[in-house]
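Single-structure report; data block below.
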Amino acid sequence: MPKTSAPYAIMDYNDGITIISKINSNHPETLTYDPATGGYNPNWSTTPLSLTPVAFIAGKAGDIISTCSNKTWSYRKSGSTAWTTITNGVGGFTINSASVLGYTGHGLFDSSHLTVEFKFSYTYHDSTLNIDFTHEVVKTFARISNGTSVVIARIWSENGEQFKNQSIPESITLKAELIRGVVSDVSNLTYQWQKFNGGTWSNITSATANSYIVTADSVIGSSQFRCQIKDTDSASDTYNETFTSNGIVILDLTDPYQAVINSSNGPFFKNGVGTTVLTCNVYQNGQEVLSGLTYKWYKNGSAEVIGTTKTLTVTNDMVNIKAVFTCEVY
């Protein structure tokens, strides 16, 4: 929907900032476990878990984690209320200089602890406001027992589940796989990604690979995605069967536009003489948006468009005693 400006407005620029945090993982958040063999998929012993914390200031580009202090990793098993601080080199954990957490093995899971939460805490100092902001973000992993005859489809996100202001991140990659017991089946399969629209699941055109890239402009508010995986192996006992994955919700946390008109020569003409340039400035989360916008200027509530750029030159012949100008921004 377009945003229509007021002729003039007084704005209170909030000095607060919005920090967006997330933890990126090299593995899905669900592990399948075969009680008969003790095997896991994914196998964190073969390919260790790697968790990368990222944080952004809304409206600005660039990860701020490297500039933060008091960076701490901790974990908590299901059934526990206390967090255990993680130390580099202890208990199968590693933490590198970029604050990436590594963990080898599956010792955090057992029959009494089927989920494990990892928490990253940090402090960001805003030099402009001279204020410290303390933040934390949590990612949860769950173990599901799975017999060797059970087949499931699952999907996960490689780089978070939310967009902010159509730019953070630029895109989100979803991955799909078929699990037989604890083994990933990667051959003789077809994929069809779907999006939930109007109460029904609809196929996404040309989305037939084992991964799907979600762009920010395809998500308004929130969108849900899933993948259907079909077994095309004629020698398989599930030949021609289609398995439907869990759904994953991608959120759009975009701040609304605020449009404000400024006049280069004030709000008055004298004795029918004068000229001024009106400029429609657009802000999002306190930051001015300088590109990618469409402008439509109107006068006195008329539907006639009198300008289509950021600025509008108003001359005295356009004002008869009083004229009210507005600008719609898309």
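Taking region 21-51 as the range and being β-branched (Val, Ile, Thr) and part of a strand (DSSP E or B) as the test, the residues that pass are Ile23, Thr30, Thr32.
For region 211-228, filtered to residues that are of a type in the set (Ser, Thr, Tyr) and surrounded by 12 or more Cβ atoms within 10 Å (Cβ to Cβ), the residue that is nearest to Thr46 (Cα to Cα) is Ser211.
Let's see how each residue does on (1) among the hydroxyl-bearing types (Ser, Thr, Tyr); (2) outside the structural domain of Ala176 (by TED's automatic domain parsing); (3) in contact with a strand residue (DSSP E or B) (Cβ under 9 Å, 6 or more places away or on another chain):
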position	(1), (2), (3)
Asn240	no, no, yes
Thr244	yes, no, yes
Val249	no, no, yes
Ile261	no, yes, yes
Ser264	yes, yes, yes
Leu293	no, yes, yes
Gly307	no, yes, yes
Ala323	no, yes, yes
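Please work out if Asn14 is at pLDDT below 85 and assigned to a loop (DSSP other than H, G, I, E, B). Spelling it out, Asn14 is indeed at pLDDT below 85 and assigned to a loop (DSSP other than H, G, I, E, B).
Rundown of residues vs (1) at pLDDT below 90; (2) part of a loop (DSSP other than H, G, I, E, B); (3) surrounded by 13 or more Cβ atoms within 10 Å (Cβ to Cβ), yes/no style:
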site: Ala82; (1), (2), (3): no, yes, no
site: Gly102; (1), (2), (3): no, no, yes
site: His106; (1), (2), (3): no, yes, yes
site: Ile144; (1), (2), (3): yes, no, yes
site: Trp156; (1), (2), (3): yes, no, yes
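Candidates Ser127, Ser80: the one that is without any contact (Cβ under 8 Å) to a residue 60 or more places away in the chain and under 20 Å from Leu31 (Cβ atoms) is Ser80.
Residue-wise test of (1) buried (at least 16 other Cβ atoms within 10 Å of the Cβ); (2) in a loop (DSSP other than H, G, I, E, B); (3) at pLDDT below 90; (4) acidic (Asp, Glu).
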| residue | (1), (2), (3), (4) |
| --- | --- |
| Ser184 | no, no, yes, no |
| Phe196 | no, no, yes, no |
| Ala209 | no, yes, no, no |
| Lys230 | yes, no, no, no |
| Asn246 | no, yes, yes, no |
| Ile250 | yes, no, yes, no |
| Thr276 | yes, no, yes, no |
| Leu290 | no, yes, yes, no |
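Which of the residues belonging to region 169-182 are surrounded by 13 or more Cβ atoms within 10 Å (Cβ to Cβ) and outside any strand (DSSP E or B)? Result: Pro169, Gly181, Val182.
The values are calculated or read from the model by the stated rules, or taken from the named source; none is laboratory data. Just so we're clear, the structure is a prediction, and the values are computed from it rather than from any experiment. Every residue, glycine among them, receives a Cβ derived from its backbone with ideal geometry; neighbour counts consider all protein chains shown.
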